[in-house]
Amino acid sequence: MEFVSFAEAMDSQPARLARLESELDARLAEFPAEIVPWRAGETVVLAAMGAAHHSTHAFARLLRTAGIRALPLVASEGRGLEAASLGDHVVVVSESGRSPEPIEFARGFASGRRTAITNDPAAPVAEIADAVIELGGFPDSRAYTVGFTAMLVAYNGLAGALGVASGGGSIAGEVGDALQRFIRPAEDFAHVLAGASSIDVVGAGDSFTAAAEIALLARECLRIPASAYPTHQYLHGPMESVGAGTAVILIGDSRERAIPDSLHGSGATCITIGRAHGGELADFDTGRADGLARVAVEVVAGQRLMAAAIGRLPFEIEEFVHSQTDTKV
């Protein structure tokens with residue numbers, strides 16, 4: 001897979017996603033014929049690693065609205081388990097198509113029950129898939145940007161092919177607007193992230209997808225310890241370590257917006273992503289975006305923050321420090 005700079009990949013999203021949206025219906029037209037139908041009451045395992053795994057949380061919630069049980073699985077946790085004990089179908093999500101853990105896990109499922117979503121249909125993942133949903137073969141940054149939002153577009157299209165209403169409108173359009181809207185607030189908070197000793201990212205429901213992805217970006221791009229929590233899980237104990245130097249990114253419009261009051265006097269800095277709440281604007285306004293489109297907008301806020309903060313750190317955003325021989329290959 002070809003790699004480009006973080007900024008270049010981030011800015012390419014509106015055009016890349018618009019093209020994917022325009023072509024996806026045709027790519028999915030044969031999907032029901034190639035795959036054993038997913039039926040209410042059955043379980044679909046969404047097997048992935050890293051950023052791809054984070055993207056599956058919102059898709060799982062969407063499938064559940066149609067009565068399809070969905071299990072977002074860190075694929076390496078499936079080792080040694082019988083696939084049939086976990087689900088009836090599997091979707092392998094891997095932008096590179098080379099992640100060994102979900103590929104190996106999917107081998108345990110019967111023919112007709114294995115779907116792959118990837119940016120490279122010629123990659124090894126195609127060998128174990130009965131149907132491949134291609135994202136477009138575009139170049140991406142090493143800390144995935146356009147690949148992540150493209151996965152959300154693919155979920156939108158797949159949901160439509162399955163007769164599941166996803167809502168939210170065009171992800172490409174919302175992402176394009178957000179990229180422009182978030183330039184200024186990202187610059188305003190860049191020094192906060194660059195100078196943070198740790199970063200907590202908090203969100204509930206679909207927004208936990210964005211929280212998990214933003215925390216991963218902070219680790220990969222800024223090399224700052226970062227963790228993601230569902231909102232009420234965060235309140236249940238993890239927030240006790242918050243103090244001076246902690247940046248807390250709060251994604252949502254309900255309980256999340258009261259957390260700054262709880263942290264008042266701690267020395268932490270809170271950054272909010274969401275709609276106006278109680279007459280108060282969020283630092284990053286998600287506007288009217290809904291469903292998976294809103295998740296994409298939330299993630300774009302995180303991307304903008306990373307791109308702004310890296311300019312205040314003494315290294316590039318483009319390279320990873322630690323190499324592996326048996327994963328992320």
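Every number in this text was worked out from the coordinates using simple rules, so none of it is lab data. No experiment lies behind these values; they were computed from the predicted model shown. Note: ideal-geometry Cβ built from the backbone for every residue, glycine included; neighbour counts use all protein chains shown.
A few remarks follow.
- All strands (runs of 3 or more DSSP E) inside the range 62-149 with 1 or more residues being surrounded by 20 or more Cβ atoms within 10 Å (Cβ to Cβ) and polar (S, T, N, Q): 114-118
- Selection status of Arg98, closer than 13 Å to Ala51 by Cβ and either without any contact (Cβ under 8 Å) to a residue 40 or more places away in the chain or out of contact with any Ser or Thr (no Cβ under 8 Å at 6 or more places or on another chain) (or both): no
- Filter result (within 18 Å of Thr149 (Cα to Cα), of a type in the set (A, V, I, L, M, F, W, C), assigned to a helix (DSSP H, G or I) and touching a Ser or Thr at 6+ places or on another chain (Cβ under 9 Å)) within the range 1-40: Phe6, Ala7, Ala9, Met10, Leu17, Ala18
- All of Ile271, Ile251 fail the test of being among the aliphatic types (A, V, I, L, M), touching a residue at least 40 places away in the same chain (Cβ under 8 Å), farther than 26 Å from Ala70 by Cβ and in contact with a strand residue (DSSP E or B) (Cβ under 6 Å, 6 or more places away or on another chain), apart from Ile271.
- Looking only at residues of the range 50-61 that are in contact with an Asp or Glu (Cβ under 8 Å, 6 or more places away or on another chain) and crowded, with 20+ Cβ neighbours inside 10 Å, we find that the one that is nearest to Glu101 (Cα to Cα) is Ala52.
- Test result for Ile117, closer than 19 Å to Ala29 by Cβ and in contact (Cβ under 8 Å) with a residue 12 or more places away in the chain: yes
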